Every structure is written in C-alpha cells, then in structure tokens.
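Chemist: Below: one structure in structure tokens.
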Amino acid sequence: MKIVKVIIAIGLVLALIAGAAYAFWLKPQLDFANVATAFAAKKVCSCLHVAEMSLDQCRADFTDDVSMATIVAEGQTVTVEVLGGRVSSRAVHTPDLG
C-alpha cells in the first residue's frame, strides 16, 4: 500500500513538472512558431506572385535564418513548415486581390 502511494506521488510530481514545462517553455515556443510560419508564408507568397521573384531570391530576402523551415511553393499556394511539419502555415495568392 505504501508503494502505491509513493508511485502516485511520483506521478503527480512528474505531471506537475510536465505541465510547468509546457506552460512556461513549450507553449510560447509553439505560439512563436505559428506566428513565424504564417509571416513567412505570406512573405514568400507575396515575393513569388506579386514581386515575381524566384523562390531562392525570396528565401534570401529574409534577414533571419530560415534554414530550419521547409518552404514549398505549389501553384498559387505557399506552405511553410517547421518542427517536421508539426507547425505549418499556408498562404494563397488570389489574382487581382493579392
């Protein structure tokens, strides 16, 4: 019976540590990744379809390192992914609207 209480206590402590790690470290990182991929998708989409530059020129236009991001341009759509596709955003160019 005592071992069960110890196991439950250890489980609760681990759950609290995991919850704190998510709240104070992982969630802000994921929120930043969501905003960053959305910005990058919009920027590359505009660069490709409005400025009519190549994907390499658009990638070089970033002031920050975007080597960890996967940028895929297919037709009028640009998708930017990070963390192995766990966080991604898509921008679509609509002719005459941007």
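Chemist: Just to be sure before I move on: is Gly11 at pLDDT below 95, open to solvent by less than 80 Å² (accessible area, probe 1.4 Å), part of a helix (DSSP H, G or I) and not charged (D, E, K, R) in the structure I sent? If you could, list the steps in order and put the result at the bottom.
Modeler: Values: at pLDDT below 95: yes; open to solvent by less than 80 Å² (accessible area, probe 1.4 Å): yes; part of a helix (DSSP H, G or I): yes; not charged (D, E, K, R): yes.
It is true that Gly11 is at pLDDT below 95, open to solvent by less than 80 Å² (accessible area, probe 1.4 Å), part of a helix (DSSP H, G or I) and not charged (D, E, K, R).
Chemist: Can you tell me how many residues in the stretch 66-98 are under 14 Å from the mean Cα position of the chain (by Cα) and either touching a residue at least 60 places away in the same chain (Cβ under 8 Å) or not in a strand (DSSP E or B) (or both)?
Modeler: Count: 8.
Chemist: Now a separate question. Which ones in the stretch 40-67 are open to solvent by 80 Å² or more (accessible area, probe 1.4 Å) and under 14 Å from Arg90 (Cα atoms)?
Modeler: Lys42
Chemist: Looking at Thr70, Thr37, can you tell me which residue is in contact with an Asp or Glu (Cβ under 9 Å, 6 or more places away or on another chain), at pLDDT 90 or above, among the hydroxyl-bearing types (Ser, Thr, Tyr) and open to solvent by 60 Å² or more (accessible area, probe 1.4 Å)? Give the steps one after another, and end with the answer.
Modeler: Working: Thr37 fails: open to solvent by 60 Å² or more (accessible area, probe 1.4 Å).
Going through Thr70, Thr37 in turn, the sole match is Thr70.
The values are calculated or read from the model by the stated rules, or taken from the named source; none is laboratory data. For clarity, every value in this text was computed on a predicted model and none was experimentally measured. Reconstructed Cβ throughout: ideal geometry from the backbone, glycine too, with neighbour counts over all protein chains shown. These accessible areas exclude ligands, DNA and RNA; they are computed on the full protein's heavy atoms, side chains included. Shrake-Rupley method; radii C 1.70, N 1.55, O 1.52, S 1.80 Å.
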